[in-house]
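The values are calculated or read from the model by the stated rules, or taken from the named source; none is laboratory data. Bear in mind that the values here come from a model prediction, so they are computed numbers and not experimental data. Positions of Cβ are backbone-derived with ideal geometry, glycine not excepted, and every protein chain shown enters the neighbour counts. The area values use the complete protein model at the heavy-atom level, side chains included, leaving out ligands, DNA and RNA. Shrake-Rupley method; radii C 1.70, N 1.55, O 1.52, S 1.80 Å.
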Amino acid sequence: MVTELRRTERVNKSVEMGVFEETAPLRNVMMWGKPGTEAVLGQLLPRRISCFESNFRVLEARSEFSTAVDILQGQGVEILFVKDLLAQKIKEQGIKPTKSMGQLHEELQERGEYFYEKYKDEIAEECKKKNEQPLGLQVLDWIGPILREDKERYGEEVATVMNQMLSLDERDGLQGDERLLPLANAIYARDQSNLLGKTWIWSNMHYPIRRAEVALYKSVLEYHHIIPDDINVVQIQGKGKFEGGDGIAYNGVFYIGCGGRTNMRGIMQAAPTLLSQPDARLIIAYDGARTRHEKGEMDAMHLDTYWMPFAKDKVVACPEETSSRRYAEVTHDGKGGYQVDLNLSQKFNDYLSDQSLEIFDLSKEEQLHYAPNFLNLGNQKVVLSLIEGNELKRKLEDVGYTVYSPNLEQITKGYGGLHCMTAAIKRG
């Protein structure tokens, strides 16, 4: 706890935050922390609610998270653990639990049993279609070990308050059983916000289970004064939607994906601040079918799930996805405002080719195995989410890159890889 606070203070006071180039050396990132009881309860929800690809084993996912942290810290990357900072905020504010940890454990069991009874038939049908076995109520056996580890790390009172907050508290602004949803996706720490250049964009998320994550992250970062005064902050709101995985800074351009999770209204709320930065350009990868919700978006929900740069002149991309999107650019309209120039005749992959980029093509199967969702450390080093299911490790090593991987077999079942788990706050 004390170590993490000192690291926070050091980053805030001495590091000039900014992300202008995805391929520049990675210095500082935010990560959530190990998935906890909130992720356990998420295993008892159908996928249309949980936003998971399939059930995953949370205890194994916790080990995978630790392996990823070891790799990043071993390469000199400083990490802010938002979950630790939340625990510290609870302690410093003197928030006391309203129940014992034993009572909390019982309530977590009861909430899990409620979800199980309500959704077991729907989950069984989902699993049948994917030829999987439902995990069922056995997942509740993981709660005890997680609470014991949290107690050891944070102290019993703080651990009790935090798990109540993440897993049991009712969510404002939602109705019915949606108010009971745990923050099961909190581990995917890039989605709640994105730092593009000197513009910090707070998301407005599409699915009910994820919306409360933004306010939680925001309250923690504001309490600890993480975001310095030279960063311009934008909050996407109303009918505008934005999720952090859709934004990437590359070669002097801010690229934003527009589809099922981020819409044009959200992009246009951020555009004035993004384009106020010197020589900035804003390019949109526009997916009409997913924007109109004519096609499900989960298999390629964000820009970083189907396209990723790894050098100043090299990117990996899934042509099946980039060819289905159109290039657009946000420009000044000459009247003090901004306009979207939708070049519907040019596919996004044709635009990329026009930029003299070498494109390393990925099959749809490789894309589905999270090949593009890697973390670039700079200096010709990358960390892949998975080794199996794609040829990207070999392709990168063939051009002189060093490749690491924590092999996130469980975490990626939640529909997110290492890039989704890390919010860069300093590159270069």
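When restricted to residues that are assigned to a helix (DSSP H, G or I) and either of a type in the set (A, V, I, L, M) or open to solvent by 50 Å² or more (accessible area, probe 1.4 Å) (or both), the range 128-144 contains 8.
Considering the range 220-240, the residues that are open to solvent by less than 40 Å² (accessible area, probe 1.4 Å) and either over 24 Å from Arg281 (Cα atoms) or without any contact (Cβ under 8 Å) to a residue 60 or more places away in the chain (or both) include one that is farthest from the chain's Cα centre (by Cα), namely His224.
The condition of being in contact with a helix residue (DSSP H, G or I) (Cβ under 7 Å, 6 or more places away or on another chain), part of a loop (DSSP other than H, G, I, E, B) and crowded, with 20+ Cβ neighbours inside 10 Å does not hold for Gly245. Elements of the type strands (runs of 3 or more DSSP E) sitting completely within the range 312-415 and holding at least 3 residues that are touching a strand residue (DSSP E or B) at 6+ places or on another chain (Cβ under 6 Å) and more than 30 Å from Ser50 (Cα to Cα): these cover 326-332, 338-347, 358-361. The condition (being closer than 18 Å to Phe81 by Cα and either at pLDDT below 95 or outside any strand (DSSP E or B) (or both)) is satisfied by just one residue among Glu157, Glu149: Glu149.
Residues in the range 284-319 that are crowded, with 23+ Cβ neighbours inside 10 Å and either over 22 Å from the mean Cα position of the chain (by Cα) or of a type in the set (S, T, N, Q) (or both): Thr305 alone.
Residue count for the range 201-232, restricted to those that are of a type in the set (Ser, Thr, Tyr) and assigned to a helix (DSSP H, G or I): 3. Within the range 70-106, the residues that satisfy the criterion of being surrounded by fewer than 15 Cβ atoms within 10 Å (Cβ to Cβ) and either among the basic types (Lys, Arg) or part of a helix (DSSP H, G or I) (or both) are Asp70, Gln73, Gly74, Glu92, Lys96, Lys99, Gly102, Gln103, Glu106.
Being within 21 Å of the chain's Cα centre (by Cα), within 22 Å of Arg261 (Cβ to Cβ) and either at pLDDT 95 or above or surrounded by fewer than 19 Cβ atoms within 10 Å (Cβ to Cβ) (or both), is that true of even one residue in the range 397-408? The answer is yes, given that some residue of the range 397-408 is within 21 Å of the chain's Cα centre (by Cα), within 22 Å of Arg261 (Cβ to Cβ) and either at pLDDT 95 or above or surrounded by fewer than 19 Cβ atoms within 10 Å (Cβ to Cβ) (or both).
Within the range 271-283, is even one residue at pLDDT below 95, touching a Lys or Arg at 6+ places or on another chain (Cβ under 7 Å) and either surrounded by 19 or more Cβ atoms within 10 Å (Cβ to Cβ) or part of a helix (DSSP H, G or I) (or both)? Checking the range 271-283: not a single residue is at pLDDT below 95, touching a Lys or Arg at 6+ places or on another chain (Cβ under 7 Å) and either surrounded by 19 or more Cβ atoms within 10 Å (Cβ to Cβ) or part of a helix (DSSP H, G or I) (or both). With respect to Gln367, determine if the residue is over 15 Å from Ala317 (Cα atoms) and either without any contact (Cβ under 8 Å) to a residue 24 or more places away in the chain or not charged (D, E, K, R) (or both). So Gln367 fails the test.
Within the range 260-269, the set of residues being more than 20 Å from Met30 (Cβ to Cβ) and open to solvent by less than 10 Å² (accessible area, probe 1.4 Å) comprises Gly260, Gly266, Ile267.
When the residues of the range 166-194 are filtered to those that are without any contact (Cβ under 8 Å) to a residue 60 or more places away in the chain and in contact with a Leu (Cβ under 8 Å, 6 or more places away or on another chain), the one that is surrounded by the fewest Cβ atoms within 10 Å (Cβ to Cβ) is Glu170.
Among the listed residues Gly33, Gly42, which satisfies the condition of being under 17 Å from Ala124 (Cα atoms) and open to solvent by less than 40 Å² (accessible area, probe 1.4 Å)? Checking each option against the conditions leaves just Gly42.
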